[in-house]
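The values are calculated or read from the model by the stated rules, or taken from the named source; none is laboratory data. This structure is a prediction, so every number in the text was calculated from the model and none was measured. Cβ atoms come from the backbone with ideal geometry, glycine included; neighbour counts cover every protein chain shown.
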Amino acid sequence: MLLENIKDFNWLCEPKNVEFIEKGLLISTKPQTDFWQNSSFNISKDNGHFFACIKEGDFTLATKWFFEKTIESAQCGIMVKSDAKNWIKAGIMPLGDNKIQMGVVVANNGVCDWSVHELSENVKTIYFKIKRKTSNFIVYYSINGKDYMQIRLINHLGIRQVIDVGAYTCSPKDECFDCVLEEIDIS
């Protein structure tokens, strides 16, 4: 099913390695990659790995990720993007003390804000979902793929009607991160 669902997807900033394994799409990130904007401090990172297709209008995007080992600040999740200065990403964002947090970052006209929620230390699989209705985006996550919790509602007027939507991963520090995209679906 994964192969059928990704036929219209392309990489924006290809990762170090991508290969199909039994579980899904194994992705190895390049180090020093991220999506982050802050015009006040002149920080602009737009070199994370984004596996996306073009979508117009309202939609629901859902992903399932698996990761055996976390690395500080390395991420995997979902993303919707108009351009380098206007996007939304939701993913795991591990801390350095073996704690995993799930975060949502919104770039609005070149400035990011960030909200986080701490997760259990033994999380190895996580599901993300984002629903768009006009300029409103609702972000959800689940540990079991059945019980979803809404974590953020965003009204983002800077995101165009036709956008890139898909799965993202990155490693802001000096290490590579391996993760598996097990499922992706857009409806």
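Points worth noting:
- Taken over the range 121-152, the residue count meeting the criterion of being closer than 18 Å to Thr63 by Cα and either assigned to a strand (DSSP E or B) or within 16 Å of the chain's Cα centre (by Cα) (or both) is 20.
- Single condition Ser142 does not satisfy, out of (1) farther than 17 Å from Met79 by Cβ; (2) at pLDDT below 95: (2)
- Among the candidates Asp97, Asp46, residue that is crowded, with 18+ Cβ neighbours inside 10 Å and out of contact with any Asp or Glu (no Cβ under 7 Å at 6 or more places or on another chain): Asp46
- Every listed requirement among (1) within 16 Å of the chain's Cα centre (by Cα); (2) surrounded by fewer than 21 Cβ atoms within 10 Å (Cβ to Cβ) is met by Lys69 save one, (1).
- Residue in the range 84-105 that is of a type in the set (Asp, Glu), out of contact with any Phe, Trp or Tyr (no Cβ under 7 Å at 6 or more places or on another chain) and farther than 19 Å from Pro172 by Cβ present: no
- Residue match in the range 20-38 (condition: under 22 Å from Thr125 (Cα atoms), of a type in the set (A, V, I, L, M, F, W, C) and surrounded by fewer than 16 Cβ atoms within 10 Å (Cβ to Cβ)): yes
- Hits in the range 153-184 (condition: of a type in the set (Gly, Ala, Ser), in contact with a Lys or Arg (Cβ under 8 Å, 6 or more places away or on another chain) and not in a loop (DSSP other than H, G, I, E, B)): Ser171
- Hey, Trp114 surrounded by fewer than 14 Cβ atoms within 10 Å (Cβ to Cβ) and either under 15 Å from the mean Cα position of the chain (by Cα) or not in a strand (DSSP E or B) (or both) or not: yes
- Boolean, Ile130 is buried (at least 16 other Cβ atoms within 10 Å of the Cβ), touching a strand residue (DSSP E or B) at 6+ places or on another chain (Cβ under 8 Å) and within 26 Å of Ile54 (Cβ to Cβ): yes
Okay, residues lined up against (1) within 15 Å of the chain's Cα centre (by Cα); (2) closer than 14 Å to Ala167 by Cβ; (3) modelled with pLDDT of 95 or more:
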site	(1), (2), (3)
Lys7	no, no, no
Glu14	yes, yes, yes
Pro31	no, no, yes
Trp65	yes, yes, yes
